[in-house]
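The values are calculated or read from the model by the stated rules, or taken from the named source; none is laboratory data. Quick caveat, the model's predicted, so the values are computed rather than measured. Note that we place each Cβ from the backbone using ideal geometry, even for glycine, and neighbour counts take in every protein chain shown.
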Amino acid sequence: MLCSDSSRIIPVLPTYQAISLSVISVSFRWADARIDRNSKTIEITVRPGFTDGGTVGDPIPGYAAKTFEELKQMAKRGIEHYWTRDGSRPGGVGAPVDTAKGAFSVTVKADVNAEPMADGFALKELLQKRREWGFIRPDDSTSAGTLSQIVHMAHFWIVERRQTVFEVDAAFEHTAAHEFGHRILGAYGNRDYSWGHKGTSDKYIQKTKKGIQHPAIGEIDLMKYGILSASNRDYWNRSVAAEEDVKGVLWLTRVKFNTEKEND
Ligand SMILES: [Zn+2]
């Protein structure tokens, strides 16, 4: 994945609304959060922007190319799955977030049809070999400005790797969560934090730094690069947005835990 970011200064205009004594609603430009302090739950709604990147290449025998609507639903599912930390995944992956007010279960919903949206991604179905000219890889998923796209690598997984539609879809959902994650990191962190995959990749050519490995057990940070000596399924099963990055979304929406009145 080529993942350089077009992050820029985004004016933060938080709004607060007290729904009841224990439930507070707060928002950032393309993210809202609803906090219930009694049940210790937070529901975050993000609004990613997606456009139809079309289908590239000739039909693959026996494979039904995905429509834009199908890709959009998969991207939504990927963002929701990998950014949620509600303790529902096996192996302690995605445990609730620790705060000054205790552990909060965080659920992320992606609304793919509402404004205002985060800077968009074209969703593309790729039915041919990935094109590469040195560092120029026009068919790679990227969060770089107007090139931003998330690619469903059907040819790569089915024809080149001889895997199933499950692998194509799983890789796409994971990539969607990662690329959208650059919008989050770009908004709350600095450019280097997002471009350099939190210190695990080169900022410019986006290659994994030498010696960086994913942990052998437990969580794998969705936004970090690394070498992994495990299966793809194990990688997807253990990938999740890190607690610090989910807290980053909460910071964007100006959720506070350590004051009595969040709504003033
Ligand atoms: Zn990336």
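Can you tell me which residue is nearest to Val97 (Cα to Cα) among those in segment 230-244 that are touching a strand residue (DSSP E or B) at 6+ places or on another chain (Cβ under 8 Å) and outside any strand (DSSP E or B)? Let's see the steps before the verdict.
Step one: list which residues in segment 230-244 are touching a strand residue (DSSP E or B) at 6+ places or on another chain (Cβ under 8 Å), which gives 235, 238-243.
Now drop any that are not outside any strand (DSSP E or B), which leaves 235, 238, 241-243.
On the way: Tyr235: 22, Arg238: 17, Ala241: 11, Ala242: 9, Glu243: 6 Å.
The selected residue is Glu243.
Taking the conditions exactly as written (of a type in the set (Lys, Arg), touching a residue at least 24 places away in the same chain (Cβ under 8 Å) and more than 14 Å from the ligand (Cβ to nearest atom)), does Arg233 satisfy them or not?
yes
In the list Lys198, Lys224, Lys209, which residue meets the criterion of being surrounded by fewer than 15 Cβ atoms within 10 Å (Cβ to Cβ) and either at negative phi or within 14 Å of the ligand (Cβ to nearest atom) (or both)? It would help to see each step written out before you state the result.
Numbers: Lys198 fails: surrounded by fewer than 15 Cβ atoms within 10 Å (Cβ to Cβ); Lys224 fails: surrounded by fewer than 15 Cβ atoms within 10 Å (Cβ to Cβ).
Being surrounded by fewer than 15 Cβ atoms within 10 Å (Cβ to Cβ) and either at negative phi or within 14 Å of the ligand (Cβ to nearest atom) (or both) holds for just one of Lys198, Lys224, Lys209, which is Lys209.
Collect the residues in segment 137-189 that are touching a residue at least 40 places away in the same chain (Cβ under 8 Å), over 17 Å from the mean Cα position of the chain (by Cα), within 16 Å of the ligand (Cβ to nearest atom) and farther than 14 Å from Phe121 by Cα, keeping them in residue-number order.
Arg137
Go through segment 190-216 and report how many residues are closer than 26 Å to Leu123 by Cβ, free of Cβ contacts under 8 Å to residues at least 12 places away in the same chain and part of a helix (DSSP H, G or I).
The qualifying residues number 1.
Please work out if Tyr204 is within 22 Å of Leu250 (Cβ to Cβ) and of a type in the set (Ser, Thr, Tyr). Show your work before the answer.
Values: within 22 Å of Leu250 (Cβ to Cβ): no; of a type in the set (Ser, Thr, Tyr): yes.
No, not satisfied.
Could you tell me whether segment 126-147 includes any residue that is hydroxyl-bearing (Ser, Thr, Tyr) and at pLDDT below 90?
yes
Give segment 175-191 a look and list any residue that's modelled with pLDDT of 90 or more and aromatic (Phe, Trp, Tyr), or say none.
Within segment 175-191, just Phe180 meets the criteria.
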